[in-house]
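Peer 1: Handing you this structure, nothing more for now.
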Amino acid sequence: MKVLPVPSTFVCAEERIECRIRSVSQYDDDQTLGRRERAELETIRDHKRRRRYIASRNIVKTCFGEEFVTAQVISRKNGRGHRPDLLLNDRGRSHSISISYAGEFVLVALGSQGLLVGCDLEASTEFSDGFLALWFTPEERELLADDASRITRSWAAKEAAFKTLNTGEG
């Protein structure tokens, strides 16, 4: 797996979206998790997924400002999967949040009130012809021209759009 260098912090859309990318190993303390997060963590058996879960929640609590220190990020089931929900002081969602993982890295995007966000973090990899045929139109495949880096970036953009629209893959 090839990991591409990325900025550790960037802000876009007139500061209405903030993103943080960090190594999972930087945020492995589960003592910051709230009651609902702990209950959700108990359902995750896979060690790698548990580490990613803890890291993403700690990034929210430590990287986005004082108001998020006591925030809880829980999963909400939607039609095709789960979407993270951000709770501040057990109130409903006040900000849109999206989380993505690749290798040992986690990316968290936070949108201010009323702005939906989606993010995706992908390691540069080779995609099969079947994958490309399923997820890209013939015109898109022609434009991508077997360039692994361009395909990866295009796939990440599609995934982020799926998350933003809350439709999941497909």
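Peer 1: May I ask you to say which residue of Lys77, Lys158, Lys163 is modelled with pLDDT under 80 and of a type in the set (D, E, K, R)?
Peer 2: None of the other options fit; the residue is Lys77.
Peer 1: Moving on. Enumerate the pairs (first residue in region 128-144 and surrounded by 11 or more Cβ atoms within 10 Å (Cβ to Cβ); second residue anywhere and assigned to a helix (DSSP H, G or I) and among the basic types (Lys, Arg)) with beta-carbon separation below 9 Å, excluding pairs fewer than 6 apart on the same chain, so at least 6 apart or on different chains.
Peer 2: Pairs that qualify, where the first residue is surrounded by 11 or more Cβ atoms within 10 Å (Cβ to Cβ) and the partner is assigned to a helix (DSSP H, G or I) and among the basic types (Lys, Arg), are Leu132/Arg141; Ala133/Arg141; Trp135/Lys158; Phe136/Lys158; Leu143/Arg150; Leu144/Arg150.
Peer 1: Also, quick follow-up: When the residues of region 80-105 are filtered to those that are touching a Lys or Arg at 6+ places or on another chain (Cβ under 6 Å) and modelled with pLDDT of 85 or more, which remaining residue is most open to solvent (accessible area, probe 1.4 Å)?
Peer 2: Initially, region 80-105 is screened for residues touching a Lys or Arg at 6+ places or on another chain (Cβ under 6 Å), giving 83, 85-86, 98, 101.
Next cut, modelled with pLDDT of 85 or more only: 98, 101.
Values: Ser98: 4, Tyr101: 73 Å².
This residue is Tyr101.
Peer 1: Turning to a different aspect of this structure: Is there any pair linking a residue in region 113-127 that is within 23 Å of Asn166 (Cα to Cα) to one that is loosely packed, with under 13 Cβ neighbours inside 10 Å and charged (D, E, K, R), with Cβ under 9 Å and at least six apart or on different chains, and which?
Peer 2: Ala123/Lys2
Peer 1: Among the residues that make up region 118-130, is at least one of them assigned to a helix (DSSP H, G or I) and either over 30 Å from Cys63 (Cβ atoms) or aliphatic (A, V, I, L, M) (or both)?
Peer 2: yes
Peer 1: Please go through region 38-67 and give me each residue that is open to solvent by less than 40 Å² (accessible area, probe 1.4 Å) and not in a helix (DSSP H, G or I), ordered by number.
Peer 2: Ile44, Phe64, Gly65
The values are calculated or read from the model by the stated rules, or taken from the named source; none is laboratory data. Remember, predicted model here, so these are calculated numbers, not experimental data. Because the Cβ atoms are built from the backbone with ideal geometry, glycine has one as well, and the counts that use them run over all protein chains shown. When the accessible area is computed, the model is the full protein with side chains, heavy atoms only, and any ligands, DNA or RNA have been set aside. Shrake-Rupley method; radii C 1.70, N 1.55, O 1.52, S 1.80 Å.
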